Amino acid sequence: VGTKAMLATLERICAGRGQPGDVEYLEELAQEVKASSLCGLGQTVPNPVLTTIRYFREEYEAHIREHRCPAGVCTALVRAKCTNACPAEIDVPSYVSLVAQGRYAEGLEIHRRRNPFALACGRVCPAFCETKCRRSELDQPVAIRQIKRYMADHELERPWTPPLLEEPKKDKVAVIGAGPAGLTAALRLAQKGYPVTIFDALPVAGGMMAVGIPEYRLPRDILNVEIENIARAGVEFRLNTSLGRDVTLDGLLDRDGYKAVILAIGAHKNLRLAIPGEEMAGVHHGTQFLCDVALGRAPDLTGKRVAVVGGGDVAIDAVRSAWRLGASEAHLIYRRSRSDMPAHRDEIEGAEKEGVRFHFLTNPTRVLGNGRVTGVELVRQELGTFD
């Protein structure tokens, strides 16, 4: 009786009909079945359920609260694995099919329902969709990101003007932050007829698209096309304007007449190694280094040996940028193996071809020098058992 009740609850969750409290109910029921069963079968059957709740509780919560299956296996919740894998849930099959028919504008319209940055994402998207593409079950995944780029590039000669979808309104809205979230919010509001002003502390719009992704990966003229599209919707930009320094929430709402303020200030943060010597001159943290490069404030690396610690996209972007700044040697230090690197495969291979030297299973223990970096002390690592 108990296991049938557990099964019914699990099936309901997988069908997208889960309710708050279901996980707690499963835990309580599983413990009761284990405690009251007289046979070994009854005592052990609940264990897989308890184990999945213990290690994959967030999957249960996604099914119940968001009606979403992160693993892409629940047929009731997943129309297409590629769409399910996309953080923006873009309708990939529809726009790919339209591109095959040469209907690029219609394909772009579908893409922009969920994400207005088709040009940028066609160049730098991590392409999670391709990792879940059903075609890979036969041979290899469809090149979805390249199809997106091909589709979006067709519009470069005739830039997009976002249509006004509702009657113009009088209430003004302020958006703090000109990154992807702020730009998207401003665009949607402008299309609904609201006068929108974006405020950003940086001298350029685009947020981390502009100062976190190197120009060799995302050309600024391409990104500016997307930003100009949003400006044509009627969005006003006020750059070099910092919240708390140049404007305040009270000032925007009380003095400047805005009826609402949207905070889209981002969540980027430099990761620190927390090792001795990290504060020395010559030590640069990843996201800030990339920002300085983008804004023309890069340190002079001409003829210098550069070491970058990490294995993600920021590390790869930083080490390839160091090459372009004239470094005589560029080394990448990563504590795990090559197969464990979270950076995109194409970027890793690109860095390798450019001459970056990789040091795997290696970790820094301290920065050497007397006020300024002269070297890095490293220790060899060994992979442990999977945990």
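The values are calculated or read from the model by the stated rules, or taken from the named source; none is laboratory data. Keep in mind the model is a prediction, meaning the values are calculated, not measured. Methodologically, a virtual Cβ is constructed for each residue, glycine included, from the backbone with ideal geometry; neighbour enumeration extends over all protein chains shown. To get the accessible areas, we keep the full protein, side chains included, count just its heavy atoms, and leave off ligands, DNA and RNA. Shrake-Rupley method; radii C 1.70, N 1.55, O 1.52, S 1.80 Å.
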Problem set entry | Enumeration of residues in segment 325-349 that are at pLDDT below 95 and either in contact with a His (Cβ under 9 Å, 6 or more places away or on another chain) or of a type in the set (Asp, Glu) (or both) | Asp340, Asp346, Glu347
Exercise. Trp160 fails exactly one of the following numbered conditions: (1) of a type outside the set (Gly, Ala, Ser); (2) closer than 29 Å to Gly193 by Cβ; (3) modelled with pLDDT of 95 or more. What is the number of that condition?
Worked result: (3)
Problem set entry | Gly40 vs. criteria over 28 Å from Pro180 (Cα atoms) and open to solvent by 30 Å² or more (accessible area, probe 1.4 Å) | yes
Exercise. Checking Val33 against (1) touching a Leu at 6+ places or on another chain (Cβ under 9 Å); (2) open to solvent by less than 50 Å² (accessible area, probe 1.4 Å), which single condition isn't satisfied?
Worked result: (1)
For this session: Quick one: His154 ticks every box in (1) surrounded by fewer than 16 Cβ atoms within 10 Å (Cβ to Cβ); (2) out of contact with any Lys or Arg (no Cβ under 9 Å at 6 or more places or on another chain); (3) under 12 Å from Val92 (Cβ atoms) except a single one, so which number is it?
Result: (3)
For this session: Within segment 300-312, work out how many residues are closer than 18 Å to Lys353 by Cβ and open to solvent by 30 Å² or more (accessible area, probe 1.4 Å).
Result: 0
For this session: Quick one: Arg145 ticks every box in (1) at pLDDT below 95; (2) open to solvent by less than 50 Å² (accessible area, probe 1.4 Å) except a single one, so which number is it?
Result: (1)
Problem set entry | The lone exception for Gly251 - which of (1) assigned to a loop (DSSP other than H, G, I, E, B); (2) within 22 Å of Phe199 (Cβ to Cβ) it fails | (1)
Exercise. Is it true that Cys125 is of a type outside the set (Lys, Arg), in contact (Cβ under 8 Å) with a residue 24 or more places away in the chain and open to solvent by less than 90 Å² (accessible area, probe 1.4 Å)?
Worked result: no
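Which of the residues belonging to segment 313-330 are open to solvent by less than 20 Å² (accessible area, probe 1.4 Å) and outside any helix (DSSP H, G or I)? I'd like the intermediate steps shown before the answer.
Our first condition is that a residue be open to solvent by less than 20 Å² (accessible area, probe 1.4 Å); within segment 313-330, this holds for 315-319, 321-322, 327, 330.
Correct list: Ala327, Ala330.
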Exercise. Among the residues of segment 279-299, which ones are surrounded by 14 or more Cβ atoms within 10 Å (Cβ to Cβ) and part of a loop (DSSP other than H, G, I, E, B)?
Worked result: Met280, Gly282, Val283, His284, His285, Ala298, Pro299
Exercise. Does segment 48-57 include one or more residues that are under 18 Å from Leu77 (Cβ atoms) and open to solvent by 70 Å² or more (accessible area, probe 1.4 Å)?
Worked result: yes
Exercise. Hey, among Gly72, Gly18, which residue is out of contact with any strand residue (DSSP E or B) (no Cβ under 9 Å at 6 or more places or on another chain), more than 22 Å from Glu137 (Cβ to Cβ) and in contact (Cβ under 8 Å) with a residue 24 or more places away in the chain?
Worked result: Gly18
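Just need a number here: residues in segment 211-232 that are part of a helix (DSSP H, G or I) and either touching a Cys at 6+ places or on another chain (Cβ under 9 Å) or farther than 13 Å from Pro180 by Cα (or both). Write out each step before concluding.
The first filter runs over segment 211-232 and keeps only residues part of a helix (DSSP H, G or I), leaving 211, 220-232.
Imposing the further condition that a residue be either touching a Cys at 6+ places or on another chain (Cβ under 9 Å) or farther than 13 Å from Pro180 by Cα (or both) reduces the set to 211, 220-222, 225, 228-229, 231-232.
Summing the residues that are part of a helix (DSSP H, G or I) and either touching a Cys at 6+ places or on another chain (Cβ under 9 Å) or farther than 13 Å from Pro180 by Cα (or both) in segment 211-232 gives 9.
Which of the residues belonging to segment 1-24 are in a helix (DSSP H, G or I), hydrophobic (A, V, I, L, M, F, W, C) and open to solvent by less than 40 Å² (accessible area, probe 1.4 Å)?
First, the residues of segment 1-24 that are in a helix (DSSP H, G or I): 2-14, 22-24.
If we keep only those that are hydrophobic (A, V, I, L, M, F, W, C) too, we end up with 5-8, 10, 13-14, 23.
Within segment 1-24, Ala5, Met6, Ile13, Val23 qualify.
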Problem set entry | Residues satisfying the stated conditions in segment 216-248, i.e. farther than 26 Å from Tyr194 by Cα and of a type in the set (Asp, Glu) | Asp221
Problem set entry | helices (runs of 4 or more DSSP H) wholly inside segment 92-201 containing at least 3 residues that are aromatic (Phe, Trp, Tyr) and over 18 Å from Ala264 (Cβ atoms) | none
Seminar exercise, completed: Given (1) assigned to a helix (DSSP H, G or I); (2) open to solvent by 40 Å² or more (accessible area, probe 1.4 Å); (3) more than 25 Å from Asp22 (Cα to Cα); (4) not polar (S, T, N, Q), Glu89 misses just (1)
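Condition test on Val379, is it of a type outside the set (Ser, Thr, Tyr) and under 25 Å from Pro214 (Cβ atoms)?
Values: of a type outside the set (Ser, Thr, Tyr): yes; under 25 Å from Pro214 (Cβ atoms): no.
No.
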For this session: Tell me, please, whether a residue that is aromatic (Phe, Trp, Tyr) and surrounded by 19 or more Cβ atoms within 10 Å (Cβ to Cβ) can be found in segment 334-353.
Result: yes
